[in-house]
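Okay, structure first, notes after.
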Amino acid sequence: MFRIDIKEQNELTQEQISQLQTMWNRCATRIILSTTMARSGHPGGSLSSLHTLLVLYSVIRHRPAEPRWPDRDRVVVSIGHISPGIYSVLTEFGYFSEEDFLTEFRRAGSPCAGHVEQTMPGVEWNTGNLGQGLSVGTGICLAQNLLDRPGKTIVLMGDGEQQKGQISEARRFATKFRQGNLIGVVDRNHLQIGGSTEDVMPVRVRDEYTAAGWNVLYVPDGHDFHTIFKALRRAWTHDGLVPGCPTVLVTRTVMGKGISLMEDKAKYHGSPLSKEDAQAALRELGQDQGLLELWSSNRIEHQIEGHCKTPEANFPSIDPGEPIVYNAETKTDCRSAYGAALKDLAQRNNVPDSAPKIIGFSCDLEGSVKMQGFHSVSPNTFIETGIQEHHTATCAGAVSREGLATFFSTFGVFAAAETYNQHRLNDLNRTHLKIVSTHLGLDVGEDGPTHQSLDYVGLLNNLFGFSIFMPADPNQTDRIIRFVATNPGNCFVGMGRSKLPIITTKDGKPFFDADYLFQPGQADWLRQGDMATFLTYGSATSKVLKAWSILDSKGLSVGILNMASLKPIDKESILEAAKKGPLITVEDHVVRTGLGAIVAQELMAAGAYQQLLIMGVTHYGSSGKPDDLYCLQGLDAESLAKKMEEFLMLS
Ligand SMILES: Cc1ncc(C[n+]2csc(CCOP(=O)(O)OP(=O)(O)O)c2C)c(N)n1
């Protein structure tokens, strides 16, 4: 494999330059062929960054035969649309064959996707939603530093992309956490889809990085291997740069470089060449004129074998410790139980003189989300990221793929709705992120409707890889937190703000006692009853228990099914409840998209007919005491009991 020792060499040799030129020619050819054959794709940016990519992959420490080698330097390509350029270069370095790329690019069922994906060996992160890559890089870098790994992280970005706000968040983060081993590269071709970056939305790229405390190196000719190498070497060795600060290379490039008819034309950002123009380009590259026909027929004959999966990332082995059992008289909130469990887990697992295993992120809400205990026992892995939720969601996701059990906590509106797309991308990247969200629902109370997250189940339920767990009291919270800390995968654990009574059995003992084991997809029968069933979860559970007492005192026998695991859902228990009688779902969530909707779907799918009343939030709440807000939406115990009585009379 072609390799240049960036620490030992001051300059490139003539031989290396001509080798790079030969590689450039092959890669440019692949960029033209792949996009023209796929009749789509992004050749312009692929060509503008190609010289930089070739130098970069020549200097990094990597093992194409072992793409996930832990000590590798990481290249995160934030501009996922330049996949033709990336795949061309990865082919050149032996990650996969030219045939795999040219015959499968952008075809259904192939891992060789339109925007770079981890399904292709050598790709660190699925990207394409611009603005997220630098956050990924900072996350990887944070983990590299915490785990004492030697590698550097390099993030390739576009100049149009610099318009995205999340990048400013990531820049500040990298400076705060002294990420001297992080290198950004901005492909400054001054073009984006809509034309000139100055017309679309001017950004003072170098000034913005300088203002954020980065070392900034300008590369006046981003198509000269030697100039790129010199700048990269300075960044690598930190020669004459401020120590401990991240560095960005701003490379002045030309969109479509190397193909005369494409050069400096915004059109070729996202348009392939026609067959005729591609032939002209191949001529200019000195290539055989039969190449396009040859690969086109190879492509037609080639069968796609099947979609490769994104490789699973390591998850650390975590000691779950002993459950903390809150007795029936305790009055506390679930978030305090979360804080206590997390602190205990950190004390057991983040021990001095060995690599940490648990990391937690807060967005200026440490006290409210009860992370102070964790912070005090594990100061190095408590990461305060400020009011930068988009960055944090992505950064935490990236950290979670590096072998750390990663918690991200903030209020519901910021943990779910505000950062939904970041979580979607995390999910596509098969992260192991534990979002523990406090302040959900009307239960937020006096802070009012802007802070009342009412759509979290509906949102997170769309993400194929996420589990959703909603504890009903502090005991169940403790068990769920210990479960998620010890198991891989993405999950959302949600809770309200208020203190909640401990859920008890009929004879007054904690229902979720020391022997209770939380199991995803398993509901709990809190009360048995043969006339009808309440199905509920989270903060609403204690209201339903009160309603049950009212009904019980009237001799009405109804059951309560606590559905703390909303995804996966316990289908069997729903059907079991449906056999007994009518169902009422109760939740502190929008009625259309929460538990009620899930139960309705399950009943229909199983062909089980049963009456179902969905009770929840029907309009935005207002500012006031949670109990008053529940009353206004008919979710207080008395209203619930009354509704059940009416429902039983009708059915
Ligand atoms: C968040 C987001 N908004 C919009 C797009 C659509 N989009 C894809 S590429 C692009 C322009 C990117 O410009 P630049 O970073 O300069 O890349 P280049 O044109 O040089 O390849 C846009 C707007 C996107 N992918 N992500």
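Would you confirm whether any residue within region 124-137 is in contact with a helix residue (DSSP H, G or I) (Cβ under 8 Å, 6 or more places away or on another chain), of a type in the set (Val, Ile, Thr) and under 20 Å from residue 24 (Cα atoms)? So far as region 124-137 goes, no, none of its residues is in contact with a helix residue (DSSP H, G or I) (Cβ under 8 Å, 6 or more places away or on another chain), of a type in the set (Val, Ile, Thr) and under 20 Å from residue 24 (Cα atoms).
Among the residues of region 111-118, is there at least one that is of a type outside the set (Val, Ile, Thr), away from the ligand (no atom under 16 Å from the Cβ), farther than 18 Å from residue 166 by Cα and in contact with a His (Cβ under 7 Å, 6 or more places away or on another chain)?
So in region 111-118, the residues of a type outside the set (Val, Ile, Thr) come out as 111-115, 117-118.
Those still in the list that are away from the ligand (no atom under 16 Å from the Cβ) too: 111-112, 118.
Imposing the further condition that a residue be farther than 18 Å from residue 166 by Cα reduces the set to 111-112, 118.
Among the residues that remain, those that are also in contact with a His (Cβ under 7 Å, 6 or more places away or on another chain) are: 111.
Checked against the condition, which is being of a type outside the set (Val, Ile, Thr), away from the ligand (no atom under 16 Å from the Cβ), farther than 18 Å from residue 166 by Cα and in contact with a His (Cβ under 7 Å, 6 or more places away or on another chain), region 111-118 yields at least one hit.
Among residues of region 232-280 being acidic (Asp, Glu) and within 16 Å of the ligand (Cβ to nearest atom), the one that is surrounded by the fewest Cβ atoms within 10 Å (Cβ to Cβ) is 264. Selection over region 426-451 of residues that are in a helix (DSSP H, G or I) and crowded, with 24+ Cβ neighbours inside 10 Å gives a count of 4. Tell me, yes or no, whether region 200-219 has at least one residue that is at negative phi, among the acidic types (Asp, Glu) and under 31 Å from the mean Cα position of the chain (by Cα). Among the residues of region 200-219, at least one is at negative phi, among the acidic types (Asp, Glu) and under 31 Å from the mean Cα position of the chain (by Cα), which makes the answer yes. Restricting 134, 191, 156 to residues that are at pLDDT 95 or above, within 16 Å of the ligand (Cβ to nearest atom) and farther than 17 Å from residue 48 by Cβ narrows the list to 134. If only residues of region 194-214 that are in a helix (DSSP H, G or I) and in contact (Cβ under 8 Å) with a residue 24 or more places away in the chain are counted, the one that is nearest to the ligand (Cβ to nearest atom) is 197.
Residue-wise test of (1) surrounded by fewer than 20 Cβ atoms within 10 Å (Cβ to Cβ); (2) in contact with a strand residue (DSSP E or B) (Cβ under 6 Å, 6 or more places away or on another chain).
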residue: 97; (1), (2): yes, no
residue: 123; (1), (2): no, no
residue: 159; (1), (2): no, yes
residue: 163; (1), (2): yes, no
residue: 166; (1), (2): no, no
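The single residue among 186, 205 that is β-branched (Val, Ile, Thr), out of contact with any Cys (no Cβ under 6 Å at 6 or more places or on another chain) and crowded, with 24+ Cβ neighbours inside 10 Å turns out to be 186. Just so you know, in region 48-78 the residues that are part of a loop (DSSP other than H, G, I, E, B) and among the basic types (Lys, Arg) include one that is surrounded by the most Cβ atoms within 10 Å (Cβ to Cβ), and it is 72.
Within region 168-178, the set of residues being surrounded by fewer than 24 Cβ atoms within 10 Å (Cβ to Cβ) and either under 23 Å from residue 70 (Cα atoms) or within 12 Å of the ligand (Cβ to nearest atom) (or both) comprises 177, 178.
The values are calculated or read from the model by the stated rules, or taken from the named source; none is laboratory data. Please read all numbers here as calculations on a predicted model, not as lab measurements. No Cβ is skipped: glycine too gets one built from the backbone with ideal geometry, and neighbour counts run over all protein chains shown.
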